[in-house]
1. I want the antiparallel fraction of DSSP beta bridges within region 5-125, as a percent rounded to 5.
2. Which entries of K75/K145; K172/K231; K2/K104; K75/K172 show an alpha-carbon separation above 19 angstrom in the structure shown?
3. Under 10 Å, Cα contacts only: if you run a Gaussian network model on the chain, which one of T151, T159, T35 comes out with the highest mean-square fluctuation?
4. To the nearest 0.05, what FRET efficiency results for K2 and V134 with a Förster distance of 30 Å applied to their C-beta separation?
5. Could you please put R225, R120, R207 in sequence from largest to smallest accessible area, using a 1.4 Å probe?
6. Round to the nearest 0.05 the FRET efficiency obtained for K75 and F21 when R0 = 22 Å and r is the Cβ-Cβ distance.
7. What does the charge dipole of the chain about its Cα centre add up to, to the nearest 20 debye, if the Cβ of each Lys and Arg holds +1 and the Cβ of each Asp and Glu holds -1?
8. Once label points are set 7 Å from the Cα along Cα→Cβ at both A152 and S45, what is their separation, rounded to one decimal in nm?
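The values are calculated or read from the model by the stated rules, or taken from the named source; none is laboratory data. Quick caveat: nothing in here was measured; it's all calculated off a predicted structure. Methodologically, a virtual Cβ is constructed for each residue, glycine included, from the backbone with ideal geometry; neighbour enumeration extends over all protein chains shown. We work out accessible area using only protein heavy atoms, side chains counted, and drop any ligands, DNA or RNA first. Shrake-Rupley method; radii C 1.70, N 1.55, O 1.52, S 1.80 Å.
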Amino acid sequence: MKRPHILLIEDETHIAQGLIFNLELEGFRVTHVETGAAARQAFRSQTFDLVVLDLMLPDSHGIDLCSEMRQLAPKLPILILTALGKELDRISGLKAGADDYLTKPFSLDEFLLRLHGMLRRSAWYQPAYNKEEVYNFGSNRVDLKNLQATTAHGNIRLTELEGRMLAIFFAKEGETLTRAELLESAWGMAADTETRTLDNFIVRLRRYFEDNPAHPQHFLTVRGRGYRFIKESG
Ligand code: CA
């Protein structure tokens with residue numbers, strides 16, 4: 001399973017370092033930023049499973065960031081972490097779309113428990129796919145367990161890699177998957193690896209599963225970002 005990716009937005013170095021250390025120990029992948037600007041940049045270019053957000057940042061107020069992220073990612077779990085413990089602050093954080101709230105100083109155990117709870121509840125933290133699953137879309141039937149597909153163009157024997165890639169698309173139906181994320185989760189490559197491999201791969205999937213591969217209805221290009229799988233053709 002892919003390691004959950006946490007965006008940590010925290011400008012106090014000693015707190016951030018302690019959290020990064022412990023989150024990595026728990027098996028999470030952590031991207032740490034110290035400003036609102038850096039958080040916005042990271043949010044645009046990467047995909048996260050959960051956000052830990054400090055409210056008092058040098059260039060932004062966390063509440064504004066929280067609302068922005070909530071608009072862009074309605075299901076993304078957001079945990080607010082702050083020295084502001086007043087009820088009013090807690091309420092405005094929750095109003096801005098945060099899922100949970102922890103006041104500094106907090107216990108590390110409680111922090112980790114809440115984080116695991118949020119991920120468990122989150123629909124975004126699912127096993128990559130269910131191997132038993134037979135998936136139907138358009139005129140295609142894909143058997144992930146046996147790596148077989150029935151398509152308008154005939155029966156196809158899928159490779160392991162094709163199966164893995166399809167499973168990721170199916171599990172994240174309707175979501176834009178960045179190139180980095182696809183490369184990493186299907187190939188296990190570093191994000192900066194040559195990405196033409198990925199494009200060629202998508203061409204192949206379209207040839208298998210699209211009625212007209214030149215005008216894809218299911219495996220869509222999201223310009224400048226990556227790809228998105230749509231179950232129902234539009
Ligand atoms: Ca701060």
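1. Values: 1 of 18 bridges.
For region 5-125, the DSSP antiparallel bridge percentage is about 5.
2. Over 19 Å apart, Cα to Cα: K75/K145; K2/K104.
3. In this elastic network of the chain, the residue with the biggest mean-square fluctuation among T151, T159, T35 is T159.
4. Details: r = 23 Å, r/R0 = 0.75.
Efficiency for this residue pair is about 0.85.
5. Working: R225 90, R120 170, R207 145 Å².
Ranked from most to least accessible, the order is R120, R207, R225.
6. 0.20
7. Values: 29 positive and 32 negative charges, 178 e Å.
The calculated dipole for the chain is roughly 860 debye.
8. Simple spin-label model gives 3.9 nm for this pair.
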